[in-house]
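One structure is given here, and the rest of the page talks about it.
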Amino acid sequence: MLLLPVVTRFAFSSIYGKEVERTHEEWIVALNRLPKANIYISGGEPLLFTGLPELVNGLDRHKILGIVTNATAKTNVYERITRKIHMNLSFHREFISEDRFLEKIDELRKVGRFHLNVNLVATRENVSMTAKVEKLLTDHHVGLHIDPFVDPDLAFEYTPQEMAILSRYLTPDRRTSKDRPDLDNHALKECSAGQNYINIMPDGTVFRCGNGFNYYHSPLRGRLLEVGPHAPYDPGFFLMGNIFDPTFTLDKKSVCCELPCTQGCDRDMATIRCL
Ligand code: SF4
């Protein structure tokens, strides 16, 4: 499993600017050096990378599990994607009106190649709107998935009232941040991240997991590297090299990690076993 974010206007671009962007041809060469993989493309907004449709079309050696997009790119950009793929439309009510979002769903449905689903992150502002959004989408014959809001620095918690609203929407694999292992949990784990699962950044930097990206770049999360039985921990543990380096390889075996592991997607995709 590869997670492949690309440069966006949002938080990623403060770390990976547009200047580090590579061409879709370079990405195809680099990714085709890897063993066959399931690739999930997320951002930020991946369609801000102008070569994304051609990149998706050219990765025929790999399976594209899906693309997360906020559906704001022009429809003719989506039409350049010639593969049948799953498209997870991330509904950002702050950027697009309900009417325009529904129109966009219709336009993308007409393309005929996309399996569409809508994702709504249950930010505090969205919690009270979930029932309304669910009704709108049900009437429009498209599924809705609600993700709990997970603050990378884990400072956010829902109130009991908010949890009462959300509980009917959250699937077992998407628990709230409160249910996830606490930040003092330094249990030793055997983890396959780096072996069967990596996160690739817009400049090609490979992190063994999304947690690793946060440990490396977030000052708040980085503080956790200073505590624990064998502190200080080296954030370089999470860096695996660069996908554009022809000598880059995946790990041959799992690693041992005792840092708190708190990010849903890593826990879904890597195999983590307490030792
Ligand atoms: S246990 Fe969690 S934080 Fe540690 S390497 Fe695995 S996915 Fe990353």
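Can you tell me which condition Ile64 does not meet? The list is (1) more than 17 Å from Leu144 (Cβ to Cβ); (2) over 21 Å from the mean Cα position of the chain (by Cα), and all the others hold.
(2)
Looking only at segment 237-247, which residues are more than 13 Å from the ligand (Cβ to nearest atom) and either modelled with pLDDT under 95 or out of contact with any helix residue (DSSP H, G or I) (no Cβ under 8 Å at 6 or more places or on another chain) (or both)?
Once the filter is applied, which keeps residues that are more than 13 Å from the ligand (Cβ to nearest atom) and either modelled with pLDDT under 95 or out of contact with any helix residue (DSSP H, G or I) (no Cβ under 8 Å at 6 or more places or on another chain) (or both), segment 237-247 yields Gly241, Asn242, Asp245, Pro246, Thr247.
Return only the number of the condition from (1) of a type outside the set (Phe, Trp, Tyr); (2) at pLDDT below 90; (3) within 28 Å of His24 (Cα to Cα) that Gly204 does not satisfy.
(2)
Which one of these is farther than 23 Å from Thr130 by Cβ and touching a residue at least 60 places away in the same chain (Cβ under 8 Å): Leu59, Leu52, Leu34, Leu47?
Values: Leu59 fails: touching a residue at least 60 places away in the same chain (Cβ under 8 Å); Leu52 fails: touching a residue at least 60 places away in the same chain (Cβ under 8 Å); Leu47 fails: touching a residue at least 60 places away in the same chain (Cβ under 8 Å).
Just a single option satisfies the conditions, and that option is Leu34.
Restricting attention to segment 203-236, and to residues there that are in contact (Cβ under 8 Å) with a residue 12 or more places away in the chain and charged (D, E, K, R), which single residue is nearest to the ligand (Cβ to nearest atom)?
Arg208
Output the residues belonging to segment 220-249 that are assigned to a loop (DSSP other than H, G, I, E, B) and either among the aromatic types (Phe, Trp, Tyr) or buried (at least 18 other Cβ atoms within 10 Å of the Cβ) (or both).
Tyr233, Ile243, Phe244, Phe248
The values are calculated or read from the model by the stated rules, or taken from the named source; none is laboratory data. On a predicted model such as this, the values are computed, not experimentally measured, just so you know. When we count neighbours, we look across all protein chains shown, and the Cβ atoms used for this are built from the backbone with ideal geometry, even at glycine.
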